[in-house]
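Presented below is the structure to which this report refers.
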Amino acid sequence: MARNTRQRRRQRRRAQDGEQQQSVSQRARSRQQAVRPAAQVPKTQTGGRRVPGGGFRRFVGEAIAELKKVEWPSQSQVIQGTVVVIIACLLVGAYLWIADLTFKPFVRDILLK
């Protein structure tokens, strides 16, 4: 194994220092060429891209496309659903009417005296 002399160590350090200085100067040049953050266009927080034809026209187009995917009920299903809603309304209305008739004397005679 060869002996490391002082001169060899110094030569190696000079070579390493020269490489480091070159890389430091290269980094400094690349920083100068890069655009500063203040000069760049600010990015949006949503990450969305602006595409031509966006906005309201795009929204309407997508809404129409979604409505085409909907499985619309048949006429008999609509009639059946309507009848169920009407019957439920009649039952709740009858219950409230009977409850009103039941509690009316209590409220009039006891609470309002």
Pair R13, I86: separation of 7 Å Cα→Cβ label points (nm): 10.2 nm
³J(HN,Hα) across the range 84-93 via Karplus (A = 6.51, B = -1.76, C = 1.60, θ = phi - 60°), whole Hz, x for Gly/Pro? 4, 5, 5, 5, 4, 5, 5, 5, 5, x
Solvent accessible area, Å² - D100, 1.4 Å probe, full protein context: 90 Å²
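The values are calculated or read from the model by the stated rules, or taken from the named source; none is laboratory data. These numbers come from a predicted model, not from an experiment. Note: ideal-geometry Cβ built from the backbone for every residue, glycine included; neighbour counts use all protein chains shown. Remember, those area values only see protein heavy atoms, side chains included, never the ligands or the DNA or RNA. Shrake-Rupley method; radii C 1.70, N 1.55, O 1.52, S 1.80 Å.
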